[in-house]
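Please read the structure below before turning to the comments.
The values are calculated or read from the model by the stated rules, or taken from the named source; none is laboratory data. Because the structure is a prediction, the values reported are computed rather than measured. Cβ coordinates were reconstructed from backbone atoms using ideal geometry, including for glycine residues, and neighbour counts include every protein chain displayed. When the accessible area is computed, the model is the full protein with side chains, heavy atoms only, and any ligands, DNA or RNA have been set aside. Shrake-Rupley method; radii C 1.70, N 1.55, O 1.52, S 1.80 Å.
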Amino acid sequence: MGLYVFTGEDVTSAFKGKGKVGPLKKLHKNPKFYKAFAQLGNDWTVEESTLEDLEEFTCLMFGYQREKCINTVRSKMLKKMVGENTKLSSKSKLDFSKLPPCRDNLIPHCYWVNHRLAVYKRAIQPSFTRPKQFS
């Protein structure tokens, strides 16, 4: 369920062009990420190690299996799109939506995914309490 919400569902944003099947296949080939997705929603907060695993998995989703930093992946992809020694200008016709989110945007995405999963995992309870920061 963690991967489903992480890759986009009703109220969580999706990664453009990634869908569900591609990330699912990558997850099956890399079972070390199972734990990170399984832990999402168990608590109202996200552990730093889980955030690091989700960032590394996002790098993997975008085809950079040896990278752990999403900002590095963004930089490499941008250099590939623009060209190594070419300057970016307003006339450059590039689709920036194909880039992964920067870390400053990925972390809040992970928090929102965790919140959604925490609600889903408690849906069977007649009532549950959320921390005040989520009220």
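Placing +1 at every Lys and Arg Cβ and -1 at every Asp and Glu Cβ, with all other atoms neutral, what dipole size does the stretch 11-135 have around its Cα centre, in debye to the nearest 20?
Values: 24 positive and 11 negative charges, 116 e Å.
The calculated dipole for the stretch 11-135 is roughly 560 debye.
Can you tell me the equivalent ellipsoid semi-axes for the chain? Use √(5λ) from the Cα gyration tensor, largest first, whole Å. If you can, show how the numbers build up before the last one.
On the way: eigenvalues 191, 51, 34 Å².
So the three semi-axes of the chain are 31, 16, 13 Å.
Rolling a 1.4 Å sphere over the protein heavy atoms, what is the accessible area per residue of the chain, to the nearest Å²?
Details: 8650 Å² over 135 residues.
Dividing the accessible area of the chain by its residue count gives 64 Å².
Between LYS35 and THR129, what is the spin-label point distance in nm, taking each point 7 Å from the Cα along the Cα→C-beta axis?
Between LYS35 and THR129, the simple spin-label model gives 3.1 nm.
Once you have the Cα-Cα distance between SER90 and GLU48, take 0.36 nm times their residue separation minus that, and quote the gain in nm to one decimal.
Values: separation 42, 0.36 × 42 = 15.12 nm, distance 3.77 nm.
Extending this stretch completely gives an extra 11.3 nm.
Starting from the Cα-Cα distance between ASN71 and ASN105, subtract it from 0.36 nm times their residue separation and give me the gain in nm to one decimal. Don't skip to the end; give the middle numbers.
Numbers: separation 34, 0.36 × 34 = 12.24 nm, distance 1.05 nm.
Computed gain between ASN71 and ASN105 is 11.2 nm.
Could you tell me what percent of the accessible area of the stretch 1-100 is made up of carbon and sulfur, with a 1.4 Å probe and every protein chain present?
On the way: 3270 of 6270 Å².
Whole-percent figure for carbon plus sulfur exposure: 52.
Once you wrap a convex hull around the alpha carbon atoms of the stretch 84-135, what is its projected area averaged over all directions, in nm²? Before the final figure, lay out each step's value.
Numbers: hull surface 25.1 nm².
Result: 6.3 nm².
Of VAL5, PHE57, SER89, which is farthest along the charge dipole of the chain in the positive direction, counting Lys and Arg as +1 and Asp and Glu as -1 at C-beta?
Farthest along the dipole direction, towards plus: SER89.
Report the Cα-based extents of the stretch 1-79 along its three principal axes, largest first, to the nearest Å.
38, 25, 24
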